[in-house]
Amino acid sequence: MHRYFTIMATFVVALFAFVIVLGFKADLAHAKVHIATAFFLVIAILFVHSLVIFFLIGSGHAIREAITERPWSKPYLSKINLFRLKSFPWALGSMVSGILAAWSGAGSHTGVWSTQVHRGVAVACLGINLLAFVAEWLQLRANSSMIHELQAKLDAEGAQALEAPAAQEV
């Protein structure tokens, strides 16, 4: 998952850069393009970060089902919670910052407040998302490594279980 996440995060960052360039060039001619691409950007931000949350929930559930009965499972089960604790606040904060940037953009467009407020919120949103992408990528990579390690352990247990009856027949 961390490899797919890298592609998605890179796309979001590139789209973010495009939206910010359009925003700083914003005049009446570019405003519609900025609003349309910013809308798509917020959808992309919500998608990527919610995908991380759902992936970690789903993979954690699958891991729990696979190893709960085993005597060596405790350290792995605690790692699942650690992955979530280190990534969920960043993911949720990024989603909220994207919504706030859109909200402040609507306020700026309607004249409720100046464009400087929206620009500040948008730049903060970019910073939060960049930090979140790093934190989430690190946790997804660690989760992926743990899954590979657990798969090797479970495969080894399965191979031993298949060899045990064959040894008793001899």
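Please give the length that would be gained between LEU131 and ARG3 if that part of the chain were fully extended, namely 0.36 nm times their separation in residues minus their C-alpha to C-alpha distance (nm, one decimal).
Answer, rounded to one decimal: 44.3 nm.
Are there any helices in the chain, counted as whole DSSP H runs, that stretch 15 Å or more along their axis by Cα and score at least 1.0 on average by Kyte-Doolittle, and if so which?
Long hydrophobic helices here: 2-24, 28-67.
Once both labels are modelled 7 Å past Cα along the beta-carbon direction, what's the LYS32-VAL96 spacing in nm?
3.6
Between LEU82 and GLU65, what is the label-point separation in nm under the 7 Å Cα-to-beta-carbon projection?
2.5
Taking a ≥ b ≥ c as the square roots of the Cα gyration tensor eigenvalues, with a/c under 1.5 meaning rounded and otherwise prolate when a/b beats b/c, else oblate, which class fits the chain?
Cα axes put the chain in the prolate bin.
For labels at ILE147 and SER73 in the simple 7 Å Cα→Cβ model, what's the distance in nm?
Once both label points are built, they end up 1.9 nm from each other.
Could you please report the charge total around GLN139, scoring K, R as +1 and D, E as -1 over all other residues with beta-carbon less than 13 angstrom from its beta-carbon?
+3
Of the residues TRP137, TRP103, TRP90, which exhibits the maximal mean-square fluctuation in a Gaussian network model of the chain defined by a 10 Å Cα contact cut-off?
Looking only at TRP137, TRP103, TRP90, the largest GNM fluctuation is found for TRP103.
Starting from the Cα-Cα distance between VAL112 and VAL13, subtract it from 0.36 nm times their residue separation and give me the gain in nm to one decimal.
32.8 nm
Rule-based calculations on the coordinates, nothing more; no lab input. Computed from a predicted model, the values in this text were never measured in an experiment. Note: ideal-geometry Cβ built from the backbone for every residue, glycine included; neighbour counts use all protein chains shown.
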